[in-house]
1. Is it true that some residue in the range 150-172 is open to solvent by 10 Å² or more (accessible area, probe 1.4 Å), touching a residue at least 24 places away in the same chain (Cβ under 8 Å) and of a type in the set (Asp, Glu)?
2. Looking at the range 196-221, which of the residues that are of a type in the set (D, E, K, R) and in a strand (DSSP E or B) is surrounded by the fewest Cβ atoms within 10 Å (Cβ to Cβ)?
3. Got a number for residues in the range 400-426 being under 29 Å from the mean Cα position of the chain (by Cα) and open to solvent by 20 Å² or more (accessible area, probe 1.4 Å)?
4. Among the residues of the range 461-495, write down those that are open to solvent by 20 Å² or more (accessible area, probe 1.4 Å), in contact with a Gly (Cβ under 9 Å, 6 or more places away or on another chain) and within 15 Å of residue 383 (Cβ to Cβ).
5. Name the single residue, out of those in the range 482-511 being part of a loop (DSSP other than H, G, I, E, B) and among the polar types (S, T, N, Q), that is farthest from residue 210 (Cα to Cα).
6. With the checklist (1) away from ligand 2 (no atom under 16 Å from the Cβ); (2) open to solvent by less than 20 Å² (accessible area, probe 1.4 Å) in hand, flag the one item residue 350 doesn't pass.
7. When the residues of the range 87-136 are narrowed to those that are hydroxyl-bearing (Ser, Thr, Tyr) and within 16 Å of ligand 2 (Cβ to nearest atom), which ends up nearest to the chain's Cα centre (by Cα)?
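The values are calculated or read from the model by the stated rules, or taken from the named source; none is laboratory data. Source: prediction; values computed, not measured. As a convention, Cβ positions derive from the backbone with ideal geometry for all residues, glycine included, and neighbour counts pool all protein chains shown. Remember, those area values only see protein heavy atoms, side chains included, never the ligands or the DNA or RNA. Shrake-Rupley method; radii C 1.70, N 1.55, O 1.52, S 1.80 Å.
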Amino acid sequence: MVFDLDMIKALYDRMPSRIAKARKIVNKPLTLSEKILYSHLHADQKLENFGRGKSYVDFAPDRVAMQDATAQMALLQFMSAGRPKVAVPSTVHCDHLIVAKTGAKDDLTIANSESKEVFNFLSSVSNKYGIGFWKPGAGIIHQVVLENYAFPGGMMIGTDSHTVNAGGLGMVAIGVGGADAVDVMSGMAWELKFPKLIGIKLTGKLNGWTSAKDVILKVAGILTVKGGTGAIVEYFGEGATSMSCTGKGTICNMGAEIGATTSTFGYDASMERYLIATGRAEVAKMANKVKEHLTADPEVYANPEKYFDQVVEINLSELEPHVNGPFTPDLATPISKIKEEAAKNGWPTKVEVGLIGSCTNSSYEDIARAASLAKQVADKGLKTKAEFTITPGSEQVRYTIERDGFIKTFDKIGAKVFANACGPCIGMWSRVGAEKKEKNTIVHSFNRNFQSRNDGNPNTYAFVASPELVTALAIAGDLTFNPVTDTLTNEQGQQVKLDPPTGDELPKKGFDVKDPGFVAPAKDGSKVVVNVSPSSDRLQLLDPFKPWEGTDLKGLRLLIKAKGKCTTDHISMAGKWLKYRGHLDNISNNLLIGATNFYNEKINSVKNGLSGQYDEVPNVQRAYKAKGIGSIVVGDENYGEGSSREHAAMEPRHLGVRAILVKSFARIHETNLKKQGMLGLTFANKEDYNKIKEDDTFDIVGLTSFAPEKPLTLVIRHSDGSQESILVNHTYNANQIEWFKAGSALNLMAAKFTVPKKPAAKKKAAKKPAAKKATPKAKKAAKKSARKVVKKKVAKKVKAAKKPAKKVTKKSAKKKK
Ligand code: MIC
Ligand code: SF4
């Protein structure tokens, strides 16, 4: 089945003329990224030569994807937005809530019963609002999207940072928080700062032990976890066209780890092959007709330095397999140096577990190549030293690799096959013995390896590598084994060498699947009832955040000054906390429990400024909240790196934190803070981080004249009675300042949708914001009146916006009786 063919056709029909117009205005040949961006401008967005890294631009993405852990919050917000149906094709994927323990079948049965309430909620909301629903076990969001929805030249957003995976099929696919998804699903424009462009030229050809994963492991080493921030990475060159489409997906997927807005590749024969193999020959045919628009203009790739802000060149013929880690995905070590580095840094070298699969690396090609190594275990009289697990990315891949005998091969090395879900990648791994917190090493083909992420043990040294290398290292049981040069001693005491991995890019007999796990929504969902029990500890309807009180913020306390890396995993941990993703109050009990307190270097231990006692972060913040005292969180560089989870922004907001002040932000997190009505600020002078003392109190001054590009002032009152003032920067544009004032972007939207009866122009614009012909005047009027409403009657409007949701609760409660 090909989804949304008409939508794709309509885009391809309008692309050539839109690109021609853009080329004229920009007045130079265009990169692929620009072609896609310019052909997805929102109907109300004026075409101009946008400043890269400067202009805020309104886009109209083609589709939205959400995974279960983030979809709950996204859909709770969507329900409050008061729309009857999603405005663009959207899907929900149940993949994050399945604990990997004994194996796919049992694990899935347990998840289906433990998370029944959440899955029912997601499926009924999907049914009601016209959203495609992928059941638990169907697969991981990004693999399912690549197999079914991604298409060259398209633009999508998804509530997961690895949405970027779809760049492997030539999309501009961007990870966002749920509130952004609500905008697009409501038919509103989606705003993004026009990205900078990084070009990566791939020369040569992958060979031997090296795979697509090693390209991105190398890139991460070059650009670091911050290097891609605010940029789209566009790959090109003979090395790009010679690799598989799914290999490209792997590279784009892990682009999230360098903070890139997204990554993409031009349309080529590998994409055509993949589209055909996944049952979308019609899409390939349509793409072939507009193929010159689905890649950059030839001048761009001929002279990349002229058209990209930065260019990196990698020769695939010389690229070595890499092992990245521990604790950060950008610590890149070529396999030939691993012995040296491990010894130098005291990394435990015994590999306890090798884990392959995940959304990053579970293509047919990945599995086939890993299986070619597993097969050599018996052939060469070896014994696998480490445990080994596989998490297939989709039921289609799982079914096909089983049919083709790979699962049997893995069985022979004692592998465990987990459900088609995130599992160990997101800490949903019931790993025996992890609670002992022993120092140990694991190697996986996932994308992230932050401390505690996989098994909750802060002493697990997790390394990222290609599935092939993970398999080899698991067979050897040794992190320092270099399969390119080293031999292994087999059971007969002989020295044997592993042959380099081999495997087909796509299944010779085609893909197959019995039940892909898709449930189409009702044609008319208006009668569908959504159940949210008021007594649930998993789901909670949202109360709108309070609007800004209209004054500067005075007498704020310091909740925590976080030291060093503070990713979204540190701010809102996953693992066992995933189960509260639909219940804001409950999940708020994990607020910043992974962050290190600058003053005592401890995790989850901060001083309560009221009692002077040290306590857990959420307890201290709840104590401030109870007394009506606001607080601030101070952080280091790249604060909020990692995931798209907006809980990391909503939790502090819910508990009464008023501002997050850091040296720098990761893109998605900064937007999430803005959307939730939180102040996200940066030190104008990074050294001022050192001025913040544990017992300080703070005022944030300048909010009554809050304006774009105008810094605010932070008054710091030290406990010795002295005080100093520092400048703090922000990146809020005029529209985002309105979110802050309204209390959140959602409050503003809800007010807009329930707005004005007169005059006609206002009504039209408010009702149909995506309507092509909403004149700028009408748009302005609607905005103005919405703002007025928010200013004057926020409380009232917000209540009204909440009503339908409340009704649902009552109804469902009644129904239950
Ligand atoms: C992740 O890989 O960290 C996640 C879990 O997929 C997240 C989303 C989430 O926190 O739910 C992501 O990458 O956005
Ligand atoms: Fe799931 Fe891991 Fe992929 Fe995130 S990175 S979507 S947790 S498999």
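1. Yes: one or more hits.
2. So the first thing to find is which residues in the range 196-221 are of a type in the set (D, E, K, R), and the list is 196, 201, 205, 213-214, 218.
When the remaining residues are screened for being in a strand (DSSP E or B), the result is 196, 201.
Working: 196: 21, 201: 19.
My answer is 201.
3. Final tally of qualifying residues: 2.
4. Of everything in the range 461-495, those that are open to solvent by 20 Å² or more (accessible area, probe 1.4 Å), in contact with a Gly (Cβ under 9 Å, 6 or more places away or on another chain) and within 15 Å of residue 383 (Cβ to Cβ) turn out to be 491, 492, 494.
5. Within the range 482-511, the subset part of a loop (DSSP other than H, G, I, E, B) is 482-487, 490-494, 497-511.
Next, only the ones that are among the polar types (S, T, N, Q) stay: 482, 485, 487, 490, 492, 494, 502.
Values: 482: 12, 485: 13, 487: 18, 490: 24, 492: 29, 494: 26, 502: 11 Å.
Filtering first and then ranking leaves 492.
6. The number of the failed condition is (2).
7. Filtering first and then ranking leaves 91.
This table checks each residue for (1) in contact with a Cys (Cβ under 8 Å, 6 or more places away or on another chain); (2) open to solvent by less than 50 Å² (accessible area, probe 1.4 Å); (3) among the hydrophobic types (A, V, I, L, M, F, W, C); (4) within 16 Å of ligand 1 (Cβ to nearest atom).
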position	(1), (2), (3), (4)
542	no, yes, yes, no
554	no, no, no, no
559	no, yes, yes, no
568	no, yes, no, yes
574	no, yes, yes, yes
578	no, yes, yes, yes
587	no, yes, yes, yes
597	no, yes, no, no
